[in-house]
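K.L.:
First the structure, which I've put down as structure tokens, then a few questions once you've had a look.
The values are calculated or read from the model by the stated rules, or taken from the named source; none is laboratory data. Remember, predicted model here, so these are calculated numbers, not experimental data. Note that each Cβ is placed from the backbone with ideal geometry, even for glycine, and that neighbours are counted across all protein chains shown. Areas reflect the complete protein model, heavy atoms only, side chains present, ligands, DNA and RNA absent. Shrake-Rupley method; radii C 1.70, N 1.55, O 1.52, S 1.80 Å.
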Amino acid sequence: MAKKQKLTVEEHTQLGQRLACIRDELTALHVQLAIAYPRTGLEAAPARNLVKARKAVDEARRDLENALYREHPEHAATTIYYPHPEDRVGTA
């Protein structure tokens, strides 16, 4: 069985930027729903689900950052999965 190729540093960097943007978008959508709907009850379910999605993205980022440090310790940096806002894909 062939060994799977790990992500390159560049692929980690691109993925980190994309996941940071996804997290930002989930946060913005959660705020929008939290303003528009009650914080409890059936109407609050979509906002709660966005919080769960954001937590799942955060867990993926953490796990991928750990993989980055294991696979490419000489190039690893916390800013790869937690980039500064000005370094994120899609920022104007």
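K.L.:
Test of understanding: extend the Cα→C-beta vector of Arg88 to 7 Å, then name every residue of segment 1-45 with backbone N under 12 Å from that spot.
P.N.:
17-29
K.L.:
Okay, next question. Go ahead and estimate [θ] at 222 nm for the chain from helices alone: -39,500 (n - 2.57) per DSSP H run with n ≥ 4, summed, over the residue count, rounded to 500.
P.N.:
The helix contribution divided over the chain gives -21500 deg cm²/dmol.
K.L.:
Once Lys and Arg get +1 and Asp and Glu get -1 on their Cβ, which of Thr79, Val57, Leu19 lies farthest toward the positive end of the dipole of the chain?
P.N.:
Farthest along the dipole direction, towards plus: Val57.
K.L.:
Exposed loop sites here are trypsin sites (Lys or Arg not before Pro) in DSSP loop states with at most 11 other C-beta atoms within 10 Å. What is the longest stretch of the chain lacking them?
P.N.:
The answer is 40-92.
K.L.:
Is there a quick way to get the dipole size of the chain? I mean about its Cα centre, with the Cβ of Lys and Arg at +1 and of Asp and Glu at -1; what is the value in debye to the nearest 20?
P.N.:
In debye, rounded to 20, the chain gives about 400.
K.L.:
Sticking with this one: Over the chain, what is the mean sequence separation of C-alpha contacts under 8 Å (at least six apart), divided by residue count, expressed as relative contact order in percent?
P.N.:
45
K.L.:
In the chain, what percent of the accessible surface is made up of carbon and sulfur (1.4 Å probe, ligands and nucleic acids excluded)?
P.N.:
Answer for the chain is 57 percent, counting heavy atoms of protein chains only.
K.L.:
Also, I was wondering about something else. So, for segment 11-92, what is the accessible surface per residue at a probe of 1.4 Å, expressed in square angstrom?
P.N.:
67
K.L.:
Which lysines have a Cα lying under 29 Å from the Cα of Lys55, excluding residues fewer than 8 positions away in the same chain?
P.N.:
Lys4, Lys6
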